[in-house]
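Below: one structure, written as structure tokens.
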Amino acid sequence: MRYGDGGGTGPQARARREQVRLRAAKMFAAGMSAPDVAEALEISTKSAHTWRRAWVAGGDRALVSKGAPGPQRVLSESQVQKLIAKLHEGPAAAGWVEDQRWTLARVRTLIGRMFHVTVAVCTVWQVLRRAGFTAQQPSQPAAERDEQAIARWRRYQWPAVKQSRAGWARGSASSTSPDCRPDQPGAVPGPRVAIPDRAGRWPGRPESIRRGYHRLPRRPPSPPDLPNHAHKRRKGEPKGFNEAHFAELLDAAHQQLGGPILLVWDRLPAHKSARMRALITARRWLRVYHLPAYAPELNPAESVWSSLKRAMANLAPGGITELARITKNRLKSMQYQPTLINGFLTATGLHPP
């Protein structure tokens, strides 16, 4: 059945469709045929004939809406209102004094206590969602989070990162090292490495070379393809990226960018392992800073993955190969949205260099 003003299963859509059927009843009473009613109301002829048979058998009451389709709801509207009032009192009023968080399991137990019915957890979520409740992230931070270390990183480490971009120098990436504390006496800067200017020109690099009798511009080498690994969690295969994969990615990025790299990393175990430290030391063009522990709000990569997951929420790929291809294309499209990337950086509260 198709209506000219659209369908829908909500209360407003059901009321709108009911008005259409009542208009059809008035037309039937005026002597109009079913095809004429179908043309006037922009419905199918089959629906018009069905409504006419129902109207002849039961009058206008036969065309009144019978409510929401599907099985009867476990909780009535009055019971839902009582449940909402009880939820607003807090978990402590219901006997949970450990913490003040409503979980689906607790609400399920509360429904059993109040109305003596047993419902599934998914039914509890449906009732709460219809009532306007949403899933909330716990506000309690991780116990391992160190607010002083995060504040110290914001004050000392991030300014050192921005200064290193202007004059890149190898050294320690520790927040306690005087090399990373420009305000501390005795800080010894490391050797400077040439960096490109705003136009992308490198000091000492010729802009053109002589080819035969003509002077032609230098052709930049084509950037290599970044490595693309899809982990299928098969027996005997690696379950994720390891140090060799990270090193391969950094080498490809170094060849593609054509200059030194300053990398701000989180504290993933593979990022801090002895093997990774040795690989970093062997690359003179690379300097690594580590974010403080349990501080995802400082990592713009968290916003990148969050945006990607929201964009792929309703995706049903046919396999891991298709998923990897779609993920790569979505990430590629982000590269052409500089305002989106700037938004990810702004969300961290760190002013970009």
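Assuming residue 268 fulfils every condition listed in (1) within 25 Å of the chain's Cα centre (by Cα); (2) over 24 Å from residue 344 (Cβ atoms) apart from one, which condition is it?
Condition not satisfied by residue 268: (2).
Could you count how many residues in the range 119-146 are in a helix (DSSP H, G or I) and loosely packed, with under 11 Cβ neighbours inside 10 Å? Give the derivation first.
From the range 119-146, those in a helix (DSSP H, G or I) are 121-130; that's our starting set.
Pick out the ones that are also loosely packed, with under 11 Cβ neighbours inside 10 Å and you get 122.
Qualifying residue count for the region: 1.
Do any residues in the range 36-58 that are in the same structural domain as residue 25 (by TED's automatic domain parsing) and under 13 Å from residue 21 (Cα atoms) have Cβ atoms under 9 Å from those of residues that are hydrophobic (A, V, I, L, M, F, W, C) and outside any helix (DSSP H, G or I), where the two are at least six apart or on different chains, and which pairs are they?
Partner pairs satisfying both residue conditions: 37/43; 40/32; 43/1; 44/1; 47/1; 50/1; 51/43.
Checking the condition closer than 20 Å to residue 159 by Cα and small (Gly, Ala, Ser), which residue from 324, 295 passes? If you could, list the steps in order and put the result at the bottom.
Working: 324 fails: closer than 20 Å to residue 159 by Cα.
From the options 324, 295, the qualifying one is 295.
Would you confirm whether or not the range 320-331 contains a residue that is hydroxyl-bearing (Ser, Thr, Tyr), part of a helix (DSSP H, G or I) and more than 21 Å from residue 162 (Cα to Cα)?
Within the range 320-331, the first condition is being hydroxyl-bearing (Ser, Thr, Tyr), and the residues that meet it are 321, 327.
Those still in the list that are part of a helix (DSSP H, G or I) too: 321, 327.
After this cut, where a residue has to be more than 21 Å from residue 162 (Cα to Cα) as well, the list is 321, 327.
Taking every residue of the range 320-331 in turn, at least one turns out to be hydroxyl-bearing (Ser, Thr, Tyr), part of a helix (DSSP H, G or I) and more than 21 Å from residue 162 (Cα to Cα).
Enumerate the pairs (first residue in the range 295-320 and farther than 18 Å from residue 265 by Cβ; second residue anywhere and of a type outside the set (Ser, Thr, Tyr) and assigned to a loop (DSSP other than H, G, I, E, B)) with beta-carbon separation below 7 Å, excluding pairs fewer than 6 apart on the same chain, so at least 6 apart or on different chains.
Correct list of pairs: 320/230; 320/232.
Would you please name the residue that is surrounded by the fewest Cβ atoms within 10 Å (Cβ to Cβ), looking only at residues in the range 272-290 that are in contact with a Leu (Cβ under 9 Å, 6 or more places away or on another chain) and part of a helix (DSSP H, G or I)?
Restricting to residues being in contact with a Leu (Cβ under 9 Å, 6 or more places away or on another chain) and part of a helix (DSSP H, G or I), the top hit is 279.
Does the range 172-192 include one or more residues that are under 19 Å from residue 263 (Cβ atoms), among the acidic types (Asp, Glu) and at pLDDT below 85?
Within the range 172-192 (the criterion being under 19 Å from residue 263 (Cβ atoms), among the acidic types (Asp, Glu) and at pLDDT below 85), the answer is yes, since at least one residue qualifies.
Sort through 68, 62 and tell me the only one that's assigned to a helix (DSSP H, G or I) and either out of contact with any Lys or Arg (no Cβ under 7 Å at 6 or more places or on another chain) or among the polar types (S, T, N, Q) (or both). Quick ask: steps written out before the conclusion?
On the way: 68 fails: assigned to a helix (DSSP H, G or I).
Result of the check over 68, 62: 62.
Which residues, counting only those in the range 44-74, are basic (Lys, Arg), exposed (fewer than 12 other Cβ atoms within 10 Å of the Cβ) and within 44 Å of the chain's Cα centre (by Cα)?
If the condition is that a residue be basic (Lys, Arg), exposed (fewer than 12 other Cβ atoms within 10 Å of the Cβ) and within 44 Å of the chain's Cα centre (by Cα), then 66 is the only one that fits.
For the range 271-294, what are the residues that are under 30 Å from the mean Cα position of the chain (by Cα) and basic (Lys, Arg)?
272, 287
With the requirement that a residue be part of a helix (DSSP H, G or I) and over 30 Å from the mean Cα position of the chain (by Cα), what does the range 92-113 give you?
Of the range 92-113, the ones part of a helix (DSSP H, G or I) are 92-94, 104-113.
The answer is 92, 93, 94, 109, 110, 111, 112, 113.
The values are calculated or read from the model by the stated rules, or taken from the named source; none is laboratory data. Everything numeric in this text was worked out from a predicted model, so none of it was measured. Every residue, glycine among them, receives a Cβ derived from its backbone with ideal geometry; neighbour counts consider all protein chains shown.
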